[in-house]
Amino acid sequence: MRILLVGAGGVGSAVLPIAARRDFFHHIVVADSKQSRAADAVARVDDPRFSAIELDAGDQAAVEAALREHRCDVLFNAVDPRFTMPLFEAALAAGAHYLDMAMSLSKPHPHKPYELTGVKLGDEQFAADARWRKAGRLALVGMGVEPGLADVFARYAADHLFDSIEEVGVRDGSNLVVDGYDFAPTFSIWTTIEECLNPPVVWEDGDWRTTEPFSEPEVFDFPEGIGPVECVNVEHEEVLLVPRWIDARRVTFKYGLGEEFIGVLKTLRKLGLDSADKIKVGGSEVAPRDLVAASLPDPARLGDRMSGKTCAGTWVKGVGKDGAPREVYLYHVVDNAWSMREYGSQAVVWQTAIHPVVALELVATGVWRGEGVLGPEAFDAVPFLDLLTEYGSPWGLREELGRQAA
């Protein structure tokens, strides 16, 4: 397998040291808008199976040409979702398979954004399913940690733990602390603004609806010493993916943001600094959101200032295989001290990076096979979870029913 990895910063850079320990691929071409950044990422792994090129992710024709020139079988999209569609279309046009961690962007309903859905996350990609099937190619969408591993957990629960499911609720929280900064997001602020300020989507009784940002707050007790964290509704791909393959009455995504973080996001919205549309500033044009992102520290380089753990997981409630009520939380915890020591990557970025690598290995070895536009729920979860453990990053399962009352 030859892979074109688009994006050498953030998650893209964290992918390289993970993949370097595996032998399922022949070569990975690392592409970035700055060739120096791609070259630096490649130099850090010191492995002849990696090379670096300069490439504009928004230039579909250039991406197609790179795929053909380097004879790549797969395009791995590791840039922010603004570039999802040109990369997605380039892969199909060049006859390559495709994998991303964030799906095509949504557009709120023009009149009732907090009641009805407009264009949903992934709608543009799923509309192309027939073209991908006709080409005999796979587009594996939403295959990071959330979405990604969270969806694998939902598939595992549906197949092995439950007879019927009342709710699938993805719950993400941490006790991470960044020293030396008053405000320093541990993941892309561009993506965080997008998902947190858009109308959150909820699947309920056979259809999708929207709600207000930061709605339905709840305190969720996270495992391995993280403890109780208040979580709120935000827009996320799992809610759009899970119901396509798994029968559940309700699907939600709630993120542990914290009061201060929510306050900053609300302020950005009030000031118009969340906008991705360019405005004139003097003689230049700039998107306010890009300015915010440029003014904050690079999340991928905060690892040596961070401490604590991050947890991604899927809470499932329903009727178990024995016919009795059951609630479980399937989860994956990463300690920042461990990920920095073992891989030189901070916990949130590393946790996002490992899961697409695991998925690519399953595709390369033929364990996961498919055609068309598919989410992680479309595949058997057991080989993924077994391979994740083999990578040295085990997952956990906690029984929830009666635990809170106890």
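The values are calculated or read from the model by the stated rules, or taken from the named source; none is laboratory data. Treat the numbers as computed from the prediction; the structure is a model and nothing was measured. Heads up, the Cβs are rebuilt from the backbone with ideal geometry, glycines too, and the neighbour counts pull from every protein chain shown. The area values use the complete protein model at the heavy-atom level, side chains included, leaving out ligands, DNA and RNA. Shrake-Rupley method; radii C 1.70, N 1.55, O 1.52, S 1.80 Å.
Applying 0.36 nm per residue to the separation of residue 337 and residue 212 and subtracting their alpha-carbon distance, the gain on full extension is 41.4 nm. Close amide H pairs (under 5 Å, H built 1.01 Å from N) link residue 231 with 218, 219, 220, residues at least 5 positions away or on another chain. Rounded to the nearest 20, the Cβ-based charge dipole of region 176-237 about its Cα centre (Lys and Arg +1, Asp and Glu -1) stands at 160 debye. In this view, the solvent-accessible surface of residue 26, computed with a 1.4 Å probe and all protein chains in place, comes to about 130 Å².
Its Cα centre serving as origin, the chain has a Cβ charge dipole (Lys and Arg +1, Asp and Glu -1) of approximately 680 debye. For the chain, the alpha carbon convex hull comes to 144 Å³ per residue, rounded to a whole number. For the residue pairs 270/309; 120/280; 112/317; 266/317; 112/254; 112/270, the alpha carbons lie more than 24 Å apart in 270/309; 120/280; 112/317; 266/317. Structural descriptor for the chain: relative contact order 19 percent, calculated from alpha carbon pairs under 8 angstrom and at least 6 residues apart. Our note on the geometry: Cα centres of region 64-141 and region 199-222, 25 Å apart. By accessible area, using a 1.4 Å probe on protein heavy atoms only, region 212-300 has 51% of its surface on carbon and sulfur.
Can you pull the one-decimal nm distance between simple spin-label points at residue 397 and residue 305, each 7 Å off the Cα toward Cβ? Distance between the two pseudo-spin positions: 4.1 nm.
Solvent-accessible area per residue in the chain equals 41 Å², computed with a 1.4 angstrom probe and all protein chains kept.
Treating region 18-164 as a set of equal point scatterers at the Cα positions, no solvent, please give the Debye-formula log₁₀ I(q)/I(0) at q = 0.11, 0.15, 0.16 Å⁻¹. With one equal scatterer per Cα and no solvent, log10 I(q)/I(0) is -0.52, -0.89, -0.99.
The calculated 222 nm mean residue ellipticity attributable to helices in the chain amounts to -10000 deg cm²/dmol, summing -39500 (n - 2.57) over DSSP H runs of n ≥ 4 and dividing by all residues. Mean sequence separation of contacting Cα pairs (under 8 Å, at least six apart), scaled by the length of region 283-406, corresponds to a relative contact order of 25 percent.
Put simply, when 363-376, 382-395 are sorted by average Cβ atoms within 10 angstrom per residue, most first, you get 363-376, 382-395.
Think of the chain as a dipole: +1 on every Lys or Arg Cβ, -1 on every Asp or Glu Cβ, centred on the Cα centre; then among 108, 191, 90, 90 lies furthest on the positive end. The value of relative contact order for region 216-265, using C-alpha pairs under 8 Å at least six residues apart, is 33 percent. Between residue 321 and residue 115, the FRET efficiency estimated from the beta carbon spacing at R0 = 22 angstrom works out to 0.05. In plain terms, the chain from residue 163 to residue 284 could stretch by 37.7 nm, reckoned as 0.36 nm per residue minus the Cα-Cα distance. With a 1.4 Å probe rolled over the protein heavy atoms of all chains, the accessible area of 132, 245, 315 falls in the order 245, 315, 132, largest first.
Here residue 307 sits with roughly 60 square angstrom of accessible surface, probe radius 1.4 Å.
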